[in-house]
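Report on the following structure.
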Amino acid sequence: MSLDRLIIRDAEAADLPAIRALLVETWHATYDGIYGWRRVAEITNAWHSLENLQGQLGRDGVFMVALLGEEIVATSSARLEPDRAALLTRLYVLPARQGVGIGRTLLQVTLACFPHAPVVRLEVESQNEPAIAFYERMGFALQRQARFDGREDTPNTLLMAKRLFSD
């Protein structure tokens with residue numbers, strides 16, 4: 001598949017139902033085997049509700065979509081932290097569209113929005129081996145292991161980072 005038809009742009013309110021559907025599909029494909037269908041449904045209903053996604057539009061940072069034709073095939077979001085680091089908070093590609101460079105391209109465009117950030121950080125579920133391998137290929141390295149938001153009832157995560165430029 002050629003990526004010359006890939007369009008990456010800021011997410012808009014009209015995109016939110018498609019973004020939610022993408023997130024629900026991707027989360028079930030990725031996490032059902034780790035947490036079970038019921039827990040994944042609870043998480044996606046809470047974290048990826050249309051209301052929560054709407055609240056993320058226009059906030060500090062970026063919220064982007066990648067399209068092939070009219071189809072939203074991926075989404076990302078990131079923000080600048082107080083220490084000037086970029087924090088990648090979301091990068092998901094539809095399962096049927098993974099492995100062809102969409103995630104890599106969307107990651108590069110997302111990070112280019114933070115030209116003065118010395119480093120980018122992210123959290124990834126410790127059992128999500130395909131994502132960990134992807135981020136390692138993209139130059140990220142393990143920093144430490146933690147619980148998401150420090151809570152015991154949330155996924156076990158790995159904190160990864162990549163230097164963007166030297167001061």
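Collect the residues in segment 17-36 that are at pLDDT below 95 and over 25 Å from residue 86 (Cβ atoms), keeping them in residue-number order. Listed by number, the residues that qualify are 32, 33, 34, 35, 36.
What residue, of 88, 80, is open to solvent by 80 Å² or more (accessible area, probe 1.4 Å) and within 21 Å of residue 114 (Cα to Cα)?
Going through 88, 80 in turn, the sole match is 80.
Let's see how each residue does on (1) of a type in the set (D, E, K, R); (2) in contact (Cβ under 8 Å) with a residue 12 or more places away in the chain; (3) under 26 Å from residue 68 (Cα atoms); (4) touching a helix residue (DSSP H, G or I) at 6+ places or on another chain (Cβ under 6 Å):
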position: 95; (1), (2), (3), (4): no, yes, yes, yes
position: 99; (1), (2), (3), (4): no, no, yes, no
position: 112; (1), (2), (3), (4): no, no, yes, no
position: 118; (1), (2), (3), (4): no, yes, no, no
position: 121; (1), (2), (3), (4): yes, yes, no, no
position: 132; (1), (2), (3), (4): no, yes, yes, no
position: 140; (1), (2), (3), (4): no, yes, no, no
position: 143; (1), (2), (3), (4): no, yes, no, no
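The listed residues are 44, 26, 110, 75, and the only one of them that is polar (S, T, N, Q), more than 22 Å from residue 3 (Cα to Cα), open to solvent by less than 20 Å² (accessible area, probe 1.4 Å) and within 15 Å of the chain's Cα centre (by Cα) turns out to be 44. Would you please name the residue that is modelled with the lowest pLDDT, looking only at residues in segment 127-147 that are touching a strand residue (DSSP E or B) at 6+ places or on another chain (Cβ under 9 Å), open to solvent by 60 Å² or more (accessible area, probe 1.4 Å) and of a type outside the set (Lys, Arg)? Only one residue fits best here, namely 145.
The values are calculated or read from the model by the stated rules, or taken from the named source; none is laboratory data. These figures come from a predicted structure and were not determined experimentally. Neighbour counts are summed over all protein chains in view; Cβ atoms, including those assigned to glycine, are modelled from backbone coordinates with ideal geometry. The accessibility values were calculated without ligands, DNA or RNA, using every heavy atom of the protein model including side chains. Shrake-Rupley method; radii C 1.70, N 1.55, O 1.52, S 1.80 Å.
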